[in-house]
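Notes follow once the structure below has been shown.
The values are calculated or read from the model by the stated rules, or taken from the named source; none is laboratory data. These figures come from a predicted structure and were not determined experimentally. Here the Cβ is made from the backbone with ideal geometry for all residues, glycine too, and neighbour counts use every protein chain on show. When the accessible area is computed, the model is the full protein with side chains, heavy atoms only, and any ligands, DNA or RNA have been set aside. Shrake-Rupley method; radii C 1.70, N 1.55, O 1.52, S 1.80 Å.
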Amino acid sequence: MTSTPHPDLVLTDEVRDALADGRPVVALESTIISHGMPYPQNVAMATEVEDIIRGHGAVPATIAVLGGRPCVGLTPADLELLATSPDVAKASVRDLPYVIARGGHGATTVAATMRLAALAGIRVFVTGGLGGVHRGAPESFDISADLAELTRSDVAVVSAGVKSILDIGLTLEHLETGGVPVIAFGTDEFPAFFSRVSGFKAPMRADSAEEIAAMMRIKWDLGIVGGLNIANPVPEGDEIPAERISAIIEQALTDMAALGVTGKDATPYLLGRIVEISGGDSLKTNIALVKNNAHLGAKIAAEYAAHPAR
């Protein structure tokens with residue numbers, strides 16, 4: 001598979017050189033910085049995650065739109081802008097042409113990060129939680145673009161499962177329909193973001209980065225288009241027990257309904273409200289699981305770079 005980046009992308013020298021040399025690169029989203037966590041925890045988390053990836057010998061590539069330019073790899077000043085500016089839009093795939101044409105700033109969602117990572121030739125992407133089918137979707141049709149993008153972009157996405165605020169069962173069904181491999185790392189249980197258990201069995205299991213890299217290579221060598229979801233459970237000592245987080249989520253959902261918050265504003269509101277109700281515990285768990293995913297993602301990227309698809 002080619003690793004030649006799309007000419008419209010702006011790459012840092014570090015990322016461009018790594019891709020040209022066939023060295024491991026790990027994509028990172030930026031919505032978690034601008035819309036997923038408060039300042040200054042957001043920029044501290046982004047910096048620590050990049051350091052974790054470098055510690056494994058891989059190159060981090062945080063992705064965003066800055067000044068109308070799709071950027072792959074950011075400077076510390078760029079991270080600070082994303083973490084503090086009120087003018088950063090939440091940009092999914094559908095929003096990219098709008099934000100870029102207007103010369104704006106956009107923090108890329110999982111879907112948009114996947115698309116830009118694929119255009120850059122990056123095959124591994126680390127995030128916190130995957131989007132999915134929202135509760136009440138049979139009436140609202142509210143389904144994250146993340147799921148559609150997993151059927152289109154050849155990127156392995158390492159997450160701690162889908163966000164607990166979603167309908168996990170319907171999300172797994174939707175991924176199956178899309179032909180997306182869902183692989184739990186080191187467990188038979190599909191993780192639920194804040195907690196290690198969801199009540200749903202994982203469709204597949206892998207116990208090593210080597211095994212996951214082999215699945216990636218075989219999938220794409222067979223010409224099967226689309227990504228893979230690697231569900232990596234939050235470390236046991238950092239999780240919020242399922243019973244406690246379920247009650248917190250129900251309260252947050254009730255509060256959101258009372259305020260009439262919907263659409264792309266729903267997830268940022270819910271995550272922020274969950275931080276409030278949990279007394280900050282959910283933020284600590286969120287940071288811990290992202291770091292944990294960075295360790296695994298960097299190992300997968302290294303294994304895949306050693307033996308890439310044809």
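Here Gly128 fulfils each of the conditions (1) in contact (Cβ under 8 Å) with a residue 60 or more places away in the chain; (2) part of a strand (DSSP E or B) apart from (2).
Every condition in (1) modelled with pLDDT of 95 or more; (2) farther than 30 Å from Val25 by Cβ is met by Leu253 except one, and the failing one is (1).
So that you can scan it fast, the table gives a plain yes or no per residue for (1) modelled with pLDDT of 95 or more; (2) crowded, with 23+ Cβ neighbours inside 10 Å; (3) not charged (D, E, K, R):
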residue	(1), (2), (3)
Val10	yes, no, yes
Asp13	yes, no, no
Ala20	yes, no, yes
Val26	yes, yes, yes
Glu29	yes, yes, no
Glu50	yes, no, no
His56	yes, no, yes
Ala61	yes, yes, yes
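Is at least one residue of the stretch 173-181 open to solvent by 50 Å² or more (accessible area, probe 1.4 Å) and among the hydroxyl-bearing types (Ser, Thr, Tyr)?
Yes, the conditions are met somewhere in the stretch 173-181.
Counting the residues of the stretch 61-80 that are on the phi < 0 side of the Ramachandran plot and free of Cβ contacts under 8 Å to residues at least 60 places away in the same chain gives 11.
Is the stretch 133-155 home to any residue that is under 18 Å from Leu296 (Cβ atoms) and of a type in the set (Gly, Ala, Ser)? Scanning the stretch 133-155 turns up no residue that is under 18 Å from Leu296 (Cβ atoms) and of a type in the set (Gly, Ala, Ser). A Cβ distance below 9 Å, combined with a sequence gap of six or more or placement on separate chains, defines the contacts here; from the stretch 25-39, residues that are more than 20 Å from Ser282 (Cα to Cα) reach residues that are at pLDDT below 95 and open to solvent by 30 Å² or more (accessible area, probe 1.4 Å) in the pairs Val25/Ser3. Counting only residues that are part of a loop (DSSP other than H, G, I, E, B), touching a His at 6+ places or on another chain (Cβ under 9 Å), open to solvent by 10 Å² or more (accessible area, probe 1.4 Å) and small (Gly, Ala, Ser), the stretch 131-144 holds 1 of them.
Taking the listed residues Val49, Val26, the one that is touching a strand residue (DSSP E or B) at 6+ places or on another chain (Cβ under 6 Å) and under 22 Å from His295 (Cα atoms) is Val26, with no other qualifying.
When the stretch 145-161 is filtered for residues that are open to solvent by less than 30 Å² (accessible area, probe 1.4 Å), in contact (Cβ under 8 Å) with a residue 40 or more places away in the chain and not in a loop (DSSP other than H, G, I, E, B), the ones remaining, listed by number, are Glu149, Leu150, Ala156, Val157, Val158, Ser159, Gly161. Checking each residue in the stretch 228-239 for being under 23 Å from Val157 (Cα atoms) and out of contact with any strand residue (DSSP E or B) (no Cβ under 6 Å at 6 or more places or on another chain) picks out Pro233, Val234, Pro235, Glu236, Asp238. Being open to solvent by 30 Å² or more (accessible area, probe 1.4 Å) and farther than 23 Å from Leu296 by Cα holds for only one residue in Ala91, Ala107, Ala83, Ala77, and it is Ala77. A single entry from Arg152, Arg115 fulfils the requirement of being over 14 Å from the mean Cα position of the chain (by Cα), basic (Lys, Arg) and at pLDDT 95 or above: Arg152.
The rows are residues; the columns are (1) farther than 16 Å from Thr127 by Cβ; (2) in contact (Cβ under 8 Å) with a residue 60 or more places away in the chain.
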site	(1), (2)
Leu166	no, no
His174	yes, no
Gly178	yes, no
Glu189	yes, no
Ser195	yes, no
Ser208	yes, no
Val225	yes, yes
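Please find, within the stretch 188-229, the residue that is most open to solvent (accessible area, probe 1.4 Å) out of those that are of a type in the set (Val, Ile, Thr) and touching an Asp or Glu at 6+ places or on another chain (Cβ under 7 Å). Per the criteria, the residue is Val225.
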